[in-house]
Amino acid sequence: MRIGIDLGGSKIEIAAFDSAERILVRRRVASPAHDYDAVVETIASLVAQVEAETGSRASVGVGTPGAPSRATGLMKNANSTALIGRALEADLGRRLEREIRIANDADCFTLSEARDGAGAGERCVFGVILGTGVGGGIAVDGRLLAGPNAIAGEWGHNPLPWPRPDELPGPLCYCGKYGCNETFLSGPGLSRDCGAGGGPSEGVPAIVAAAEAGDPPARAALERYADRLARALACVVNVLDPDTIVLGGGVSNVPQLCEELARRLPAYVFSDTVETVVCRAIHGDSSGVRGAAWLWP
């Protein structure tokens, strides 16, 4: 049996899979994201509950914001800042009394979608998380590419490309720099931008509903968002040239977003054609736990 855990800023999800890759148990609880010790205890409790219910001891894979540093083993680059500088892999391993495997949540999402999701059968897949933060992962021939610094795919902390004058210097990011893709393309970034333009700022569903009702500021915010996302992804295509880009996270549910990107990308990609397919995830919000479980062969 395999257990996958998706550790997010607002929720922790766990799923257990049998040898046929069927879900046996799936649970979701609120994440005590600002309390590191409570995060460790919540995960340990969930694993204990699932193993008691299934009667099996499992391998455990965890998808997290950020990733463990290869130099120190301590967490880095997490927008759930309580994790930064903590030995999450070692602490969970001790608490669960077994070796565990940890990968960035966007990597887990990408692995799931490259394995048997929207990118199945494609040689190179770039997975995109558009949620509370902005993450990315790369899979080649169905296997994750991590890189020597464990940051492959971290496009969220590149600056927004080809910025307009009113986009400079850009919002301050938690990483300490201004104008990162994440500050524009995350759910909170879209809400902030829409609210600054006189539209709703209560979250992406409210913005979409207002736009569909004809609200000009909401419609303008979604137009700006699609153009900014196209610019950011064009840089990925120029460097990586993936076969497929798979979108996940709450903002990926904006209607017609994939179609808008297909229409806008050619203006920014350095090519006479753009054959890269942009599509939404097949496994949706299950991809995180699925990919975490697949960290074990």
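Somewhere in segment 192-205, is a residue farther than 23 Å from Pro161 by Cβ, out of contact with any Lys or Arg (no Cβ under 7 Å at 6 or more places or on another chain) and charged (D, E, K, R)? Yes.
Mind checking whether some residue in segment 20-28 is modelled with pLDDT of 95 or more and of a type in the set (Asp, Glu)? Checking segment 20-28: not a single residue is modelled with pLDDT of 95 or more and of a type in the set (Asp, Glu). When Ala267, Ala221 are checked against the criterion of being more than 20 Å from Leu145 (Cα to Cα), buried (at least 19 other Cβ atoms within 10 Å of the Cβ) and of a type in the set (Gly, Ala, Ser), a single residue qualifies: Ala221. Checked against (1) assigned to a helix (DSSP H, G or I); (2) surrounded by fewer than 19 Cβ atoms within 10 Å (Cβ to Cβ), Val289 passes all but a single condition, namely (2). For residues that are of a type in the set (A, V, I, L, M) and within 21 Å of Leu233 (Cβ to Cβ), scanning just segment 277-296, find the one that is nearest to the chain's Cα centre (by Cα). The extreme case among them is Ala281. Exactly one residue out of Leu111, Leu88, Leu83, Leu92 is of a type outside the set (Phe, Trp, Tyr) and over 13 Å from Leu7 (Cα atoms): that is Leu111. Annotation for segment 126-137: no member residue is modelled with pLDDT of 95 or more, farther than 25 Å from Lys11 by Cα and either part of a loop (DSSP other than H, G, I, E, B) or in the same structural domain as Asp243 (by TED's automatic domain parsing) (or both).
Listed by first and then second residue, the pairs with beta-carbon distance under 6 Å, at least 6 apart or on different chains, first residue in segment 229-241 and surrounded by 19 or more Cβ atoms within 10 Å (Cβ to Cβ), second assigned to a helix (DSSP H, G or I), are Leu229/Leu185; Ala230/Leu261; Ala230/Arg264; Ala230/Leu265; Ala232/Asn181; Ala234/Leu265; Val236/Trp155. Please state which of the following conditions Pro242 fails to meet, knowing it meets all the rest: (1) out of contact with any Phe, Trp or Tyr (no Cβ under 8 Å at 6 or more places or on another chain); (2) under 29 Å from Leu7 (Cα atoms). Unmet for Pro242, out of (1) out of contact with any Phe, Trp or Tyr (no Cβ under 8 Å at 6 or more places or on another chain); (2) under 29 Å from Leu7 (Cα atoms): (1). Between Thr64, Thr42, which is modelled with pLDDT under 95 and either of a type in the set (Val, Ile, Thr) or touching a His at 6+ places or on another chain (Cβ under 8 Å) (or both)? Of Thr64, Thr42, the one residue that is modelled with pLDDT under 95 and either of a type in the set (Val, Ile, Thr) or touching a His at 6+ places or on another chain (Cβ under 8 Å) (or both) is Thr64.
Filtered by the rule that a residue be closer than 15 Å to Ile245 by Cβ and assigned to a strand (DSSP E or B), segment 138-154 gives Ile138, Ala139, Val140.
Could you go through segment 202-212 and let me know if any residue there is of a type in the set (A, V, I, L, M, F, W, C), crowded, with 22+ Cβ neighbours inside 10 Å, within 28 Å of Val274 (Cα to Cα) and out of contact with any strand residue (DSSP E or B) (no Cβ under 8 Å at 6 or more places or on another chain). Taking every residue of segment 202-212 in turn, none turns out to be of a type in the set (A, V, I, L, M, F, W, C), crowded, with 22+ Cβ neighbours inside 10 Å, within 28 Å of Val274 (Cα to Cα) and out of contact with any strand residue (DSSP E or B) (no Cβ under 8 Å at 6 or more places or on another chain).
Going by the conditions given, is Ser80 within 18 Å of Gly133 (Cβ to Cβ), surrounded by fewer than 14 Cβ atoms within 10 Å (Cβ to Cβ) and within 18 Å of the chain's Cα centre (by Cα)?
no
Quick grid of which residues meet (1) basic (Lys, Arg); (2) in a helix (DSSP H, G or I); (3) on the phi > 0 side of the Ramachandran plot:
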| site | (1), (2), (3) |
| --- | --- |
| Asp6 | no, no, no |
| Ala15 | no, no, no |
| Glu21 | no, no, yes |
| Arg27 | yes, no, no |
| Ala33 | no, no, no |
| Ala38 | no, yes, no |
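The set of residues from segment 250-264 being touching a residue at least 40 places away in the same chain (Cβ under 8 Å) and surrounded by fewer than 17 Cβ atoms within 10 Å (Cβ to Cβ) comprises Asn253, Pro255. Checking Ile23, Ile43 one by one, the residue that is surrounded by 14 or more Cβ atoms within 10 Å (Cβ to Cβ) and over 23 Å from Gly9 (Cβ atoms) is Ile23 and no other. Before we move on, is Leu111 crowded, with 24+ Cβ neighbours inside 10 Å, in contact (Cβ under 8 Å) with a residue 40 or more places away in the chain and in contact with a Phe, Trp or Tyr (Cβ under 6 Å, 6 or more places away or on another chain)? Yes.
The values are calculated or read from the model by the stated rules, or taken from the named source; none is laboratory data. Since the model is a prediction, treat every value here as computed from it, not as a measurement. Cβ atoms come from the backbone with ideal geometry, glycine included; neighbour counts cover every protein chain shown.
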